[in-house]
Amino acid sequence: MKTFDKELFWQYVKACTNLYGVVTIDQVIKLFMDHNPGMSIKKEDVLRLRKKPEWKEWLEDSLLDDLDGGFAHLDVLIEEIVWEITMMGADEDWYMPKKEELLPYADHFYAEPTEQYVALKNYVEPSYPTDAEYDLDEALYEMRVSLQVSPTLEDALPIFVMMFGTEDKKDLQTRIDLFVDFANHYRMWRYKGHHRAEIGEEVSLHFGRRFF
């Protein structure tokens, strides 16, 4: 039996927090053990690790923080939606990815390259202004965060339009349609890592003259 690999476990903490928004120590341990059956880890190991100086350094360089019994993404804490994220989809099973799918989420700015995300990025990239406040990847990250913290998809839409909108009505509608399609296939904190399409919660928005 291999000994506890604290650096690998930290990668799991980051990945799980970025995927779920809020996660308990026990949930991280379960995924860690499922993916690494030959490695020994106990909750006491994690509690001791959280008291070590390197843990504090890791947290300071990350976008997450300790909670009592677990971890939360900083945007969950900033928006004060820990309870909401925890309770939304309470009856849903957790989405349990394989190791190769989960660990890329340890990068806080990772975006799963789904067909819908790639289509949206490829469409907005050619016309994205070079002198914008955010570069393209930063703007797409802000778009994804707004999806996670907004109560509804419609609440997240103004951020998207502000960053990627256009005065051409037909072009704007195409962009919005791509955004909605992406949002329906984006793994959400509120749905325990599932996306709307997986659990039958797909959204279609009808805007009328709102942006026109």
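Tabulated results
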| item | result |
| --- | --- |
| Helices (runs of 4 or more DSSP H) lying entirely in segment 62-170 (those with 1 or more residues that are of a type in the set (Ser, Thr, Tyr) and out of contact with any helix residue (DSSP H, G or I) (no Cβ under 8 Å at 6 or more places or on another chain)) | 82-87, 136-149 |
| Selection count, segment 184-193, where residues are open to solvent by 30 Å² or more (accessible area, probe 1.4 Å) and part of a loop (DSSP other than H, G, I, E, B) | 2 |
| Selection count, segment 11-30, where residues are surrounded by 17 or more Cβ atoms within 10 Å (Cβ to Cβ) and more than 17 Å from the chain's Cα centre (by Cα) | 2 |
| Checking Val46 against (1) among the aliphatic types (A, V, I, L, M); (2) in a helix (DSSP H, G or I); (3) open to solvent by 30 Å² or more (accessible area, probe 1.4 Å), the condition it does not meet | (3) |
| Candidates Ile78, Ile85, filtered to the one that is of a type in the set (Val, Ile, Thr), surrounded by fewer than 19 Cβ atoms within 10 Å (Cβ to Cβ) and under 22 Å from Arg144 (Cα atoms) | Ile78 |
| Subset of segment 175-190 [among the charged types (D, E, K, R) and closer than 12 Å to Ala111 by Cα] | Arg187 |
| Some residue of segment 115-126 being hydroxyl-bearing (Ser, Thr, Tyr) and exposed (fewer than 14 other Cβ atoms within 10 Å of the Cβ) | no |
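Here is a yes/no grid of residues against (1) within 30 Å of Tyr186 (Cβ to Cβ); (2) free of Cβ contacts under 8 Å to residues at least 60 places away in the same chain:
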residue	(1), (2)
Lys2	no, yes
Tyr12	yes, no
Leu19	yes, no
Val28	yes, yes
His35	yes, no
Lys42	no, yes
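The values are calculated or read from the model by the stated rules, or taken from the named source; none is laboratory data. Since this is a predicted model, take the numbers as computed values, not measurements. So basically every Cβ, Gly included, is an ideal-geometry build from the backbone, and we count neighbours across all protein chains shown. When the accessible area is computed, the model is the full protein with side chains, heavy atoms only, and any ligands, DNA or RNA have been set aside. Shrake-Rupley method; radii C 1.70, N 1.55, O 1.52, S 1.80 Å.
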